[in-house]
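The values are calculated or read from the model by the stated rules, or taken from the named source; none is laboratory data. Bear in mind that the values here come from a model prediction, so they are computed numbers and not experimental data. Counting neighbours? That spans all protein chains shown, and the Cβs are built from the backbone with ideal geometry, glycine included. We work out accessible area using only protein heavy atoms, side chains counted, and drop any ligands, DNA or RNA first. Shrake-Rupley method; radii C 1.70, N 1.55, O 1.52, S 1.80 Å.
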Amino acid sequence: MAEHAEHAEHTAQPSTHPAYPVGLRLAGRRVVVLGGGQVAQRRLPALIAAGADITLISPSATPSVDVMAETGEITWIKRRYEEGDLADAWYVLVATTDAATNAAASAEAERTKTWCVRSDDAEAATAWTPATGRSEGVTVAVLTGHDPRRSAAVRDAIVEGLRDGSIAAPQHRARTPFVALVGGGPGDPDLITVRGRRLLTEADVVIADRLGPRDLLDELPPHVEVIDAAKIPYGRFMAQEAINNALIEHAKAGKSVVRLKGGDPFVFGRGMEEAQALAAEGIACTVVPGISSSISVPGAAGIPVTHRGVAHEFTVVSGHVAPEDPRSLVDWAALAKLTGTLVILMGVDKIGKIAEALIAHGKAPETPLALVQEGTTAAQRRVDATLATVAETVRTQEVRPPAVIVIGEVVTEGPDRLVS
């Protein structure tokens, strides 16, 4: 460990010197935490992630801290602090609600030359906890003296900049090419996952679906090749085969490739077909889940797919083929008997036939229904109907894909307006 302050009385006076930033490698090393309250609850996960050998000393703890002890992530000694508890510790977090206990533990840490953080009195501590954040292997730690809110704000700005590419921090070591199947979410570019957005900023080639968050493509650097999946020449191949071949071709050329899809890659996104095609060529890929439109679009329109006392389940169905079509794999008779919510994707042009099938199998014609077009985007609109009226409503209201269809009593439960 680095040297500590020479005398305990020095820590009691505000220091005119800045803190010396350092990263502690605590894996396998003893760390003592005093107090099991909210401070410990916030700090313990990072210490656990660092691999520290953590002993918590406290007569009580929050339920979350209790779970950490039950799962073996920390050792909990259920009593108050006693002199000698800090023996052999490399790092101490003092976070009890008793000022005398905190002072006594801090004094012991000073005598044993153990770095000590105090939640109640930063000036009496020998170490401060910075506001930290992480992005792709980079840890950002910010200290601004006695203004923790500013520290957090600066940290958030830096981490967000690294994640969305607005802060340029190129890697200077050789980067391994990759293929990633990225779910872009329901349409709003802000709803892509942090990991998905980061991978986009690292891509050499992006093969994008029409329903992916198109606004993100405008933010890519000029050198990135953006390929519209709908415009890939098919030739003797079917559309999906041509997309698979494009993924394979660019991956074998040593490019970092992102397949940007709307929603989630594995929810009617043919993501597994692409993963299988890549695997057959010996090419590994990463799957980045996305926010599925089956849940997010109804939510954005004020419709909960489940609601206490109304719906205890929801079922997501593809409506791209009509119920009487021999290619259909959906048991519409069984769906008509369910009491929960039915969410239909890709079903706008087939909704008349779908409604007829549900009614024929016993679903009440007056069952409420909502169509949410262009969900989560600036063009979002919601059109309400019933099973009996939906076919005519779609025609007269000129509802067009993409639209998510929600069937069930939950349609009537949402507030009149949600703030986006």
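For the reader, a short list of remarks on this structure follows.
- Column: log10 I(q)/I(0), Debye, Cα scatterers of segment 246-350, q = 0.10, 0.11, 0.12, 0.16 Å⁻¹: -0.42, -0.50, -0.57, -0.86
- Applying 0.36 nm per residue to the separation of residue 62 and residue 24 and subtracting their alpha-carbon distance, the gain on full extension is 11.0 nm.
- Solvent exposure of the chain amounts to 54 Å² per residue of accessible area, where only protein heavy atoms count and the probe is 1.4 Å.
- With all projection directions averaged, the alpha carbon convex hull of segment 332-381 covers 3.9 nm².
- Each 5 Å bin from 0 upward holds the following percent of the Cα-Cα pairs of segment 223-269: 4, 19, 26, 27, 19, 5, 0.
- Per residue Cα convex hull volume in Å³ - calculated over segment 174-260: 93 Å³
- Relative packing of 194-202, 96-104, 367-375, 325-333, which averages over residues the other C-beta atoms within 10 Å, highest first: 367-375, 194-202, 96-104, 325-333
- Amide hydrogen neighbours beyond the local backbone of residue 91, cut-off 5 Å, H modeled: 32
- Alpha carbon Rg of segment 276-412, scaled by the compact-globule rule 2.2 N^0.38 Å: 1.13
- Rg and Dmax of segment 188-227, Cα atoms only, in Å: 9.4, 25
- Look at the alpha carbon pairs under 8 Å that are at least 6 residues apart: their mean separation over the length of the chain gives a relative contact order of 10 percent.
- Given in Å, the Rg to one decimal and the Dmax to the nearest whole number for the Cα atoms of segment 10-118 are 13.6, 43.
- Sequence-ordered 3J(HN,Hα) estimates for segment 244-260 from the Karplus curve with 6.51, -1.76 and 1.60 and θ = phi - 60° stand at 4, 5, 5, 4, 5, 4, 6, 5, 5, 7, x, 8, 8, 10, 10, 9, 8 Hz, glycine and proline given as x.
- Heavy-atom accessible surface of the chain: percent carbon and sulfur, 1.4 Å: 53 percent
- Remark: segment 48-172 projects, on average over all directions, an area of 9.8 nm² (convex hull of Cα atoms).
- Percent of beta bridges antiparallel (DSSP, the chain, rounded to nearest 5): 35 percent
- Phi angles of segment 294-304 translate, via the Karplus equation with coefficients 6.51, -1.76, 1.60 and θ = phi - 60°, into HN-Hα couplings of 5, 10, 6, 5, x, x, 5, 8, x, 10, x Hz per residue; Gly and Pro are given as x.
- Compactness of segment 18-78 is given as radius of gyration and Dmax, 11.9, 39 Å, from Cα positions.
- Antiparallel DSSP beta bridges within segment 150-304, percent to nearest 5: 5 percent
- Under 27 Å from residue 350, Cα to Cα: lysines that are on another chain or at least 8 residues apart: 231, 261, 337, 363
- Based on the Kirkwood approach, the hydrodynamic radius assigned to the chain is 25.8 Å, with every pair of different Cα atoms included.
- Inter-centroid distance (Cα atoms) of segment 276-334 relative to segment 66-110, Å: 49 Å
- Projected area, mean over directions - segment 315-354, Cα convex hull, nm²: 2.7 nm²
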